[in-house]
Each structure stands twice: as C-alpha cells, then as structure tokens.
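The values are calculated or read from the model by the stated rules, or taken from the named source; none is laboratory data. Note that this is a predicted model, so its numbers are computed, not measured. All Cβ positions, even for glycine, are placed from backbone atoms using ideal geometry, and neighbour counts span all protein chains on display.
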Amino acid sequence: MASQTPTISIKLLINLESNTVLLAEAGSDFVNTLHSLLKLPLGNIARLADMHQCLQPGCLNNLYNSVENLGLEIFRTKACKHMLLYPRNVHDVEFKKLKLNMDLSVPTGCFVCGNVECSEIFGGLFSYYKGTRCICEWGANRDIRQFIKIDAVKDETEGVLYRGESMFFITDDLRVMQGSPDDLIQFLLNMGLKNVSRVEEKVVEIERGIGSGTTPMLDELFSTIAPKEKESAEKDGKTRVKLMLRKSDRKVLYAESSEDFVDLVFSFLTIPLESVLEMVLVAKGSLTLGSISNLFRDLNTIFSVSKQKNSQQGVLPPFYSCPKEFPNICSRDPPKYYHVFTHYDHLTEGEKDTKIYLQPMDPKSPERIPTNSSGYVEKNSFVVTDDLVVQPRSSVSSISLLLEIGIQLDDVESKVISIGEVEAIALLGACLWSSSALTASLNSFAKKPKQEPL
C-alpha cells in the first residue's frame, strides 16, 4: 500500500462578496511549517519554488542554475558544488519531527578513509562528504554513520518548534497571531464586516507544494524588498568588482570579478532566509520589506527567538564558508563524533573496545585540513551578468556580450567599486526582488567619483 502524502488542514475564512480570503485559522503544525520556511537556506527555497512553480521575482534561480551549470573544475572540490546546490539546514534533524517538513536538505554521511589502518594512525579523520581526500591520499569513501556516536551536546532547539496545542490566525499579509474569538471579532470589525453571514468557512489540505493557489506562502517569501541608498564605509571590505555600465541610463551590463565576488554571491544560496531578513531589518533603513517582514517579526515573537542567541550559535552548518562581508553569518562548530573500534587484544586473548574520536576534514579544501577554509571556487576571473548569471571569463567573449545586449561602444564605461557589508546586503536583497540585481543594488555606488584599482 502506498504511503499517503502528509497534509495539514487549515480553515480559510472567505469574504463572499469579494471572494477573497480574509484569514486562515490553523494549528501549531502549520505555524511550525511556516517557521521552518524562514530557516531554509535560499538555495533550498529556490529549489522548492522551482519544484512547485511558485512565483520567483528576482534572480535567485539564475544564481542557483549558474552553480548547477558550471563544471567541477571551477570549484575547489567536488563537495563545494554539492554544498551550494544542496545546502544543509542547521535544524534539519529537528525539522524531521514536523508533520509537514518542507526542508530539501540532503543528509550527509560520516565518511572515513578506505584504508582501515588510517583511522588509528591519523586519529580518525572523517568527512561529511564522500570522496574527500584523506591525509594518507586515500579517499574518504567508507560511511560509518551506523557505527558512530556523538558526545552529549547542549540542546539548541529552543525556539525552533512551537510546543503544545494552540490555534493561530494568519492574515493575507502574513500577520500571525494566537487565535481567540475576541481577536477574530475585532479583526472582522476592522475589515468592515459586521454580518457573519457574509463570511464562509472552507477547509483545505496543505501539502508539501505549499505556495500556489490557497495561500501566499512561498510567493510571499519573495515579496517586495525595495532598496534605499545608504552610504558605504571604508571599513566595509576590499572585495572589488569592475562594473560595465551603459552611460545613457546607468544600467549595469555585466561585472568582471575575481573569485572573491563569486564566492560572495554563491554563498547567498547557503544563508537561511531568516538571517537574510534579520540583516535587512538591522541595516537601519537600508531596505524596506513587504509582507514577509510581518511573518518574520510575528514568528520571532511567538517563538521567543533572540537575535543575539541565534548569532552566537551560528546559522551555517560546520565548514560552510563564512562571507567576510557578513560578519554575523558564521558556521557552527562540528559536534564531537566517536566510534568504538573493536579489535583483538593479544594480552587478554579476547576482543577489546577502543574509543576513537573522529576529526572532521574541511570538505571545501583540497589540502585535507581540519579547520574551516574560505571560499567555494578556484582562483579565476568571472563575468556576472545583471541578472546574476555567473560564467568563467575564459568562456565569455566581451564582444559577444555587447552584441547580445545591442549597445553602442561609445555608450559603455567601466567603474571599479569595493564590496563591503552595505553593498553586499543591498545585492542580497536585490537578488530576491529584482531581475536586474547588479543595477538595482550597485548602481548608486558606481556613481561615486572615487575609484580603486581592481
């Protein structure tokens, strides 16, 4: 017998006169699912939205497709491409308890060297990803997940899931409030509805394809995020990019950059949506959010999640690259894994168990180091289009680009700018709402007279 697809029932209140949804009434299962969406990395949101054909303004899908289309030789290791295409969620274990789990994270393994003696000699080096080169030059291809254990760690799941039974109201602009008859009456009165006969209830089943038709969920995840200009600071960083602009309207045609800028934009795929919203809101007016900010604020209140606590814990899984332009985006320390190695003891003439702690290797580094290195791509020159299609410089002809755009050569100029935290946040926001992300986010910075060498 085939297993049934998990669903959650919600009750919609519909205005019969306008045939519009006033609000939804749902239990904690649905609110937990909403909360889990905020904690998904942008790469998984792009995959989820593409799977269910949800509206995706912006060019996050172009960024994701660029990673998918680039050859393995562009990346430092094979694992780098996998980490960007299937970014992990730090709460993936907890979200497995959800009745409707929207997370698309691909489980990692615990791979040790195929050389059995290596674990004893080199202290049990392991990788989360198959094929990582070991210090002894063998590949980490032996998965020992079923044999390993983990030291007791502090519970960091507080504020991740709502515990207990409760009812909630979710409005069309993604306001979430704990439901009570008084709140419902007040809401209907505020909507100008005094006669309940003008309201109809309709129960719908929500599946994993949430976002199309009945609710604005995934569609609203990419709702209006409009930039406002903010002055950049000299301390903001030294990642440089050359912008090719059209003089007549200041549109950014494309950018030429090194691997540093490409590492930055590719890292967008690994950052949880919640952290993106937090950076945007903390930017003191650098960006203005739409309905998604309502969801972010209300769920933070309901789940009592403090920004400071989240920042201290780290929002990225172990060994994910931490962009220097985002000082509050950091990876967590890996837990301490060990396995019990059973071997024959000649002294006791019997079997003996030895506890061996495993030391994780950075899957991004070809040099088999145990510390987190920076970056996903090899040293290279790249071309990044206005809508965030990334290609190696060697595979793109400048003339072909200009011919494709259809522009006069005397209408083109170049500007070199530095990318710091201010510019990076602007670009991150534009990636979600604009199909011309470079123009929308970096155009104003290119107007400044000061230039720096590339």
| field | Among residues of region 91-129, those that are of a type in the set (D, E, K, R), part of a helix (DSSP H, G or I) and modelled with pLDDT under 80, counted | value | 1
| task | Would you be able to say whether some residue in region 130-138 is in a loop (DSSP other than H, G, I, E, B), at pLDDT 80 or above and in the same structural domain as T20 (by TED's automatic domain parsing)? | result | no
| request: Output the number of residues of region 349-374 satisfying the condition of being within 24 Å of the chain's Cα centre (by Cα) and either exposed (fewer than 13 other Cβ atoms within 10 Å of the Cβ) or under 22 Å from L442 (Cα atoms) (or both). | output: 1
| remark: Exactly one of C59, C80, C54 is crowded, with 20+ Cβ neighbours inside 10 Å, modelled with pLDDT of 90 or more and more than 18 Å from Y376 (Cα to Cα), and that one is C59
| note | How many residues of region 170-228 are at pLDDT below 85 and closer than 26 Å to H52 by Cβ? The answer is 23
| message | When the residues of region 252-284 are narrowed to those that are over 9 Å from the mean Cα position of the chain (by Cα) and in a loop (DSSP other than H, G, I, E, B), which ends up modelled with the highest pLDDT? | response | A283
| remark: Screening I14, I10, I45 for residues that are buried (at least 22 other Cβ atoms within 10 Å of the Cβ) and not in a loop (DSSP other than H, G, I, E, B) leaves only I45
